[in-house]
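Trainee: Here it is, the structure, as structure tokens.
The values are calculated or read from the model by the stated rules, or taken from the named source; none is laboratory data. Since the structure is predicted, the reported quantities are computational estimates derived from the model, not experimental observations. Quick reminder, even Gly has a Cβ in these numbers, built from the backbone with ideal geometry, and neighbours come from all protein chains shown. These area figures cover heavy atoms from the full protein model, side chains too; ligands, DNA and RNA do not enter into them. Shrake-Rupley method; radii C 1.70, N 1.55, O 1.52, S 1.80 Å.
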Amino acid sequence: MLRMPHLIAAAMLMTPAMVSAQMQQGPIPMVPASGPVLNFTVEASVESAPDMATINTGVQTRSMSAKDAMAQNATAMDKVIAALLKGGVARQDIQTSGINLSPQYDYSNRTDGQPPRFVGYEASNQLTVKVRKLDKAGELVDAMVTAGATNINGPAFGITDPAKLLDEARLKAVKTAQERANLYAQATGFRSAKLVSVSEGGGYAPPMPIMAMRMEAAAAPDTKIEPGRISTSISLSVQYMLER
């Protein structure tokens, strides 16, 4: 889109490193434009092998007594946590993500206006576990279920420190933006396109989990988990001034 605003961000030629620094510092002061202005958004991503995974697990127990349901749940969860620690997961990578206790009712036999039948209390305790040894992820899933876990969700693969990959994606995005701006300039009869504004929107986001299951009994041994590759992405909104 070509337009002639009264004010645009200060025209300046920046290296990719300067662009990254400027995006961290804030907006550039506004100055009058002297040529048509081109605005567009560019995205760039870098693929890499993940180095960690997040797995959610939990235990559900039932009893006619709320106290008993919670006590049974605590005993079962202790076994799951012990299995994780034994499997090499650091305690700081095990986090409680939810505890719930609720009454349960049977609605299947409601006739003649009869109320639902109380069938006991259900207690649940959920954990979020960070797995840093991906070659052991499948073994950990099996160990959790063997120890008494009734719920497994995940894994969601990620990067422990995506900073370098984000910078690589930034450089790629800046290069793509300049090439695209030059193309627009040549196609519309201008000599060059000068970068005058850049802002960063979005960035690295862990991918959605690729596996989700509810375990009601011991799982088969040797669960296989393939980490594959994930993308680290950056989106830039850029503004160029076309020059003759």
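Trainee: Among the residues of segment 100-137, what is the count of those that are among the aromatic types (Phe, Trp, Tyr), in contact (Cβ under 8 Å) with a residue 24 or more places away in the chain and either touching a Cys at 6+ places or on another chain (Cβ under 6 Å) or open to solvent by 80 Å² or more (accessible area, probe 1.4 Å) (or both)?
Mentor: The number of residues fulfilling the criteria is 0.
Trainee: Further question: Filter segment 138-181 down to the residues that are farther than 18 Å from residue 225 by Cβ, surrounded by 18 or more Cβ atoms within 10 Å (Cβ to Cβ) and under 18 Å from the mean Cα position of the chain (by Cα) and list them by number.
Mentor: If the condition is that a residue be farther than 18 Å from residue 225 by Cβ, surrounded by 18 or more Cβ atoms within 10 Å (Cβ to Cβ) and under 18 Å from the mean Cα position of the chain (by Cα), then 162, 165, 166, 169 are the ones that fit.
Trainee: Report every pair of residues separated by at least 6 positions or lying on different chains whose Cβ atoms are under 9 Å apart, first residue within segment 223-244 and open to solvent by 10 Å² or more (accessible area, probe 1.4 Å), second in a loop (DSSP other than H, G, I, E, B) and among the charged types (D, E, K, R).
Mentor: The qualifying pairs are 227/51; 243/191; 244/191.
Trainee: Exactly one condition in (1) more than 16 Å from residue 59 (Cβ to Cβ); (2) charged (D, E, K, R); (3) in contact with a helix residue (DSSP H, G or I) (Cβ under 9 Å, 6 or more places away or on another chain) is not met by residue 79; state its number.
Mentor: (1)
Trainee: Filter segment 84-132 down to the residues that are modelled with pLDDT under 95 and among the charged types (D, E, K, R), then identify the one that is farthest from residue 54 (Cα to Cα).
Mentor: Selected residue: 112.
Trainee: Conditions first: (1) open to solvent by less than 60 Å² (accessible area, probe 1.4 Å); (2) in contact with a Pro (Cβ under 9 Å, 6 or more places away or on another chain); (3) under 21 Å from residue 140 (Cβ atoms). Residue 87 passes all but one, so which condition is the exception?
Mentor: (2)
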